[in-house]
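The values are calculated or read from the model by the stated rules, or taken from the named source; none is laboratory data. No experiment lies behind these values; they were computed from the predicted model shown. Positions of Cβ are generated from backbone atoms using ideal geometry, with glycine treated the same way; all protein chains shown enter the neighbour counts.
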Amino acid sequence: MQVMLSLSDDAAPLTHVFQGVLPVLLNGDCVITAVQPHAVPMVAHLRALALEAGLPGDAWQQLEGQDRRLLWVLTEHTDASTTACCTPRSAPGSTTRPGLFVVRKDARPRPAARDAVQATFRAAGRHCRATPVVAVHAHHYDRFLELFAAEARELGERARRSPETVLSRMTSEHQVDAVQAYLHRAVEEHARVVVSGAVSSFGRHTHSPVVLEQRHLDLIDAAIPPGPVAVVAPFTAWSEVLWAARGTGRHVTVHTTSPLSQLAPQFAALGVDDLRLVHPAFTLRR
């Protein structure tokens, strides 16, 4: 029997429990789950149901918070750690990098812009599958940026009207501050603000989407905080995208008509093992 440390993803706590915790328990191991405060009631309820169903009382322990010093101690004294997908980007010491969204020349800009809004801003852009780095072929760049910015502004307006259902809710004041700090730093580094976003007074820790533009892909600072932030840049050569993917994470979405067999090996060599290709008519995943 092993004792496993489980980090709860504050962007998808329920998914984490079912994909990260339950397999460990079913394997006969014990789990210590470090849970963000807002997810404590939900995880506590699931643990109570498990105990009622016969789970031994010491098999699943729950701790509130992911304090850096606490995680250091737990990491030292547990046998291994587990997450549903990636280590949460908001976890102390996380090395999970932001995902990449690519619009190739053979894509259609309107559906690509709509998909990019969902891919970038759902769960406030905090999930590891979020794709805040957006690379767009120069052929579509101006039109895509116009459509993407309009969709982001509409999302911000919906946040103002209905903060309880908006995609850009965060879980702490610290995350809001991190978004603001990144915005100011990017402007100092000559990024252009397309949609500035704002901290909402209507919802707790709600920030409307931020869209920044960089002149070149290699100028994007990939240290984008977990939050509703997108940085868009043009490219002309495919090699620019592959070079940018060296600094982004394992989750990549590409709008293209190219076959999966052509692109998958190129990204696999860069450590990308979750590649999603969106054809104008259907979607492929590897």
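For region 99-134, the candidate set comprises residues that are in contact with a strand residue (DSSP E or B) (Cβ under 7 Å, 6 or more places away or on another chain) and at pLDDT below 85; within that set, the residue that is surrounded by the most Cβ atoms within 10 Å (Cβ to Cβ) is Gly125. Among the criteria (1) modelled with pLDDT of 90 or more; (2) surrounded by fewer than 15 Cβ atoms within 10 Å (Cβ to Cβ); (3) hydroxyl-bearing (Ser, Thr, Tyr), the one Thr256 does not fulfil is (2).
Summed over region 230-244, residues that are more than 27 Å from Leu155 (Cα to Cα) and either of a type in the set (A, V, I, L, M) or out of contact with any Leu (no Cβ under 9 Å at 6 or more places or on another chain) (or both) total 7.
Pairs needed: first member in region 142-161, over 15 Å from Pro228 (Cα atoms) and hydrophobic (A, V, I, L, M, F, W, C); second member anywhere, modelled with pLDDT under 85 and surrounded by 14 or more Cβ atoms within 10 Å (Cβ to Cβ); C-beta distance under 8 Å; at least 6 residues apart or different chains. From region 142-161, no pairs qualify.
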